[in-house]
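Peer 1: Quick one: this structure, given as structure tokens, is what I'll be asking you about.
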Amino acid sequence: MHLIYRTFDASKWVLMLMFVMVLSSIKPSFAVVEIDINQANIEPLPIAVIDFVSSDPAGKQISDVVEADLARSGLFNPVKKAAFIQKITDPNATPRFADWQVINAQALVTGLVSREADGRLKVEFRLWDVFAGQQLIGQRLFAKSENWRRLAHIVADAIYERLTGEKGYFDTRVVFVSESGPKTDRVKQLAIMDQDGANLKTLTNGNDLVLTPRFSPSKQEITYMSFEGGQPRVYLLQLETGQRELVGNFPGMTFSPRFSPDGQKVIMSLQEGGNANIYTMDLRSRRTTRLTNTAAIDTSPSYSPDGSQIVFESDRGGRQQLYVMDANGGNQRRISFGSGSYSTPVWSPRGDLIAFTKRAGGKFSIGVMKTDGSRERILTTGFHNEGPTWAPNGRVLMFFRQPAGAGGPQLTSIDLTGYNEQRIATPNFASDPAWSPLLE
Amino acid sequence: MSGIGFLSRNRAIVALFLVLTFAGCASKKTLPNNAADLGLTANGAVPGSQQDFTQNVGDKIFFNTDSAVIRPDAAVILNKQVQWLNQYPNRVVTIEGHADERGTREYNLALGARRAAATREYLISRGLATSRVKTLSFGKERPVAVCDDISCWSQNRRAVTLLGGAGS
């Protein structure tokens, strides 16, 4: 996958910017459009995304994906194209801002898509602040034509980042468990797709029960659990080659794997009789280290992004609760004290929060709390919500939701504010989502 | 995975088929017409088969929510399992532990394992050799009953004793 990513520096744009600045200086109010995403239930920003000018169908396809990404984030409200006044045919010319102000588009995205002689797609796009009359971004990107959706996601990430001040998350993938067949005999396969549900590909054939896939932070690799050969064990899978590898040689079931932030270790649970304890295995030295030693179920370990701490769940106190320990297993302390039970903790990539599943009053919720257990906030509650995973920017969570009865689970994303629930359409039932880091 | 139960169930079916076939060939004129003549148990199972075990002893026990404690009604069945297994000393078993769907996936894998382990410990406490009992957990992944109420979830909180040697 080869992408060149650079910014315009053509001198005529310098001239135009100067012109804009002169124009701006005589305006009474001049505030660059931006979104404060820390505010709950914000009014989405009206944004106009033109069909990217092109003689190739890829032009409109790319701008459609850009628009859909921005809309699904819940932070943007694309203006209907039927309302557009100016028909932009030359995306390199300054738009008639008045035409876009009239339809209350706060921001405008224009673009041009063409093909290089070697067949690669070229996207040139600009983001404009309509009321300030200012260009905010101008970029030119290239990619092989089969990667056109990635081009679109990178454009959307650039717009998201410029207007929110936060990294985007659109150029990412999700690995999950695709489920088919009756509930009493479900076939479960690992599958991977773009974060918007496109480019879905199954990774295993369904002969073996597979669960809990998780992305490596640094490589095109996942760790997961498989019942291959009737022995439930943790495995690694290389996404590029399809090569699989058993993680360690433990005497019992290994499960609930996750990578360390440097990608060098897998942390997981080992079943020992009626108890489960947490171990790490160093992938280079193959050395295994025991981190917990209790007559209880200790599972779902997740590292802090700096690798110094681990959050996990344990029923050592009776019910499932969340605990934090140092990376060497020391200083184990309980952090969840609310009513009900807490499980599947996941440390935010920003380091500030822990997401979890909470079971209370016969309902299953997804929530977040600070890493010391304070300021718990429930984002969504229902019959069954389980297994949150963080978008790499730490702003959005994905989880699975299961209805009562014979139906199956489906993937849903939700903003950290608790707003903007979005179902991610998959052809089959889907569970155990795990978000990738931003793609390289 | 599900192959374990399937194989041992099939072994019983194959055995039954062979018994019926040979019985049929051997005495075409005087067909035996009751289970005892065929060497079967009263309900038609081959003695020593999974079917015999399931129907005449009981292969399943149930648990309370979030619990791996062997209930008195379960102990009655496990005692019968030990008696039966004493009659077939070359038989090994795998205990499959299961959880209902009202829990999270990873925890339920461990809870199923804890139930299987408790069942194994009980059988061993009643004299079964440790080498004859292995365990395997399916967590909440293999419910037998599909529904949305408590009465049904209770059927899924179970440990199933299967003749055969997979698991760990």
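Peer 1: Are any of the pairs A:219/B:134; A:81/A:219; A:358/B:80; A:188/B:134 more than 29 Å apart by Cα-Cα distance, and if so, which?
Peer 2: Numbers: A:219/B:134 37 Å; A:81/A:219 40 Å; A:358/B:80 40 Å; A:188/B:134 25 Å.
The answer is A:219/B:134; A:81/A:219; A:358/B:80.
Peer 1: Mind pulling the angle between the C-alpha long axis of helix A:148-164 and the longest principal axis of chain A? Nearest 10 degrees, somewhere in 0 to 90.
Peer 2: Orientation of helix A:148-164: about 80 degrees from the principal axis.
Peer 1: Shifting gears a bit: Any idea which of A:343, A:106, A:263 is furthest toward the positive side of the dipole for chain A, if Lys and Arg beta-carbons carry +1 and Asp and Glu beta-carbons -1?
Peer 2: A:343
Peer 1: Per-residue counts of other Cβ atoms within 10 Å, averaged by peptide: what ranking do you get for A:421-432, A:356-367, highest first?
Peer 2: Going from most to least packed, we get A:356-367, A:421-432.
Peer 1: Going Cα to Cα from residue A:265, which aspartates and glutamates come in below 12 Å? Please leave out same-chain ones fewer than 8 positions away.
Peer 2: Candidates past the 8-residue exclusion: A:282.
Peer 1: Normalised by the number of residues in chain A, what is the relative contact order in percent for Cα pairs under 8 Å and 6+ residues apart?
Peer 2: Numbers: 1070 pairs, mean separation 45.6, N = 440.
So the answer I get is 10 percent.
Peer 1: Considering Cα pairs under 8 angstrom that are at least six residues apart, work out the relative contact order of the stretch A:163-251 and quote it in whole percent.
Peer 2: Value for the stretch A:163-251: 17 percent.
Peer 1: Given the rule -39500 (n - 2.57) for each run of at least 4 DSSP H residues, summed and divided by the residues of chain A, what is its mean residue ellipticity at 222 nm, to the nearest 500 deg cm²/dmol? Kindly include the intermediate steps, with their values, before the conclusion.
Peer 2: Numbers: 4 runs with 53 residues, N = 440.
Result for chain A: -4000 deg cm²/dmol, rounded to the nearest 500.
Peer 1: Considering chain A as a Gaussian network with a 10 Å cut-off on Cα pairs, which listed residue, A:78, A:217, A:57, attains the greatest mean-square fluctuation?
Peer 2: A:57
Peer 1: If the reach is capped at under 13 angstrom between alpha carbons, list the aspartates and glutamates near residue A:370, excluding any in the same chain fewer than eight residues apart.
Peer 2: Result set, ordered by chain and number: A:352.
Peer 1: Considering Cα pairs under 8 angstrom that are at least six residues apart, work out the relative contact order of the stretch B:42-168 and quote it in whole percent. Write out the running numbers ahead of the final one.
Peer 2: Values: 237 pairs, mean separation 42.3, N = 127.
In percent, rounded to a whole number, it is 33.
Peer 1: Another question about this same structure. If neighbour count is taken as other Cβ atoms inside 10 Å, put A:144, A:80 in order from fewest to most.
Peer 2: So the ranking, lowest neighbour count to highest, is A:80, A:144.
Peer 1: Express as a percent, rounded to the nearest 5, the fraction of DSSP beta bridges in the protein assembly as shown (both residues included) that run antiparallel.
Peer 2: So the antiparallel bridges amount to about 90 percent of the total.
Peer 1: Next question. Evaluate the charge dipole of the stretch A:334-440 about its Cα centre and quote only its size in Debye, nearest 20, assuming +1 on the Cβ of each Lys and Arg and -1 on the Cβ of each Asp and Glu.
Peer 2: Dipole size: approximately 300 debye.
Peer 1: Return the subset of A:60/A:122; A:122/A:167; A:80/A:122; A:363/B:140; B:60/B:140; A:60/A:167 for which the Cα-Cα distance in this structure is over 21 Å, preserving the input order.
Peer 2: A:122/A:167; A:80/A:122; A:60/A:167
Peer 1: Related question: Quick check: from the Cα gyration tensor, does the stretch A:333-391 come out rounded (a/c under 1.5), prolate or oblate?
Peer 2: It is oblate, given that a/c is not under 1.5 and a/b is not larger than b/c.
Peer 1: Specify which residue in the list A:389, A:128, A:280 is farthest towards the positive end of the charge dipole of chain A, using unit charges on the beta carbon of Lys, Arg (+1) and Asp, Glu (-1), about the Cα centre.
Peer 2: Farthest towards the positive end: A:280.
Peer 1: Lys/Arg Cβ at +1, Asp/Glu Cβ at -1, dipole of the stretch B:56-168 taken about the Cα centre: which of B:116, B:90, B:156 is farthest positive-ward?
Peer 2: Most positive-ward Cα: B:90.
Peer 1: Using the 2.2 N^0.38 Å rule of thumb for compact globular proteins, work out how chain A stacks up: its C-alpha Rg over that value, please.
Peer 2: The reported ratio for this selection is 1.08.
Peer 1: On to the next question. Using a ≥ b ≥ c from the Cα gyration tensor of the stretch A:274-314 (square roots of the eigenvalues), is it rounded, prolate or oblate, where a/c under 1.5 gives rounded and otherwise the larger of a/b and b/c decides, a/b for prolate?
Peer 2: oblate
Peer 1: Order these by the 10 Å Cβ neighbour count, fewest first: A:235, A:342.
Peer 2: Lowest count first: A:235, A:342.
Peer 1: If a/c stays under 1.5 just call it rounded; otherwise compare a/b with b/c (prolate if a/b is bigger, oblate if not). Do that for the stretch A:295-440, with a ≥ b ≥ c from the square roots of the Cα gyration tensor eigenvalues.
Peer 2: oblate
Peer 1: Please compute the average number of Cβ atoms from other chains found within 10 Å of each residue's Cβ in peptide B:111-118. Mind dumping the intermediate values first?
Peer 2: Numbers: counts 6, 2, 12, 8, 1, 4, 6, 2.
Partner Cβ neighbours, averaged per residue: 5.
Peer 1: Further, regarding this structure: Charges at C-beta only: +1 for Lys and Arg, -1 for Asp and Glu. How large is the resulting dipole of chain A about its Cα centre, in Debye rounded to 20?
Peer 2: The calculation lands at about 380 debye.
Peer 1: What number comes out for the charge environment of residue A:326, summing +1 per Lys or Arg and -1 per Asp or Glu over other residues with Cβ under 13 Å away? Mind dumping the intermediate values first?
Peer 2: On the way: positive: A:333; negative: A:306.
Local charge sum for residue A:326: 0.
FYI, it's all coordinate maths here, none of it is from the lab. All values reported here derive from a predicted model rather than from experimental measurement. Here the Cβ is made from the backbone with ideal geometry for all residues, glycine too, and neighbour counts use every protein chain on show.
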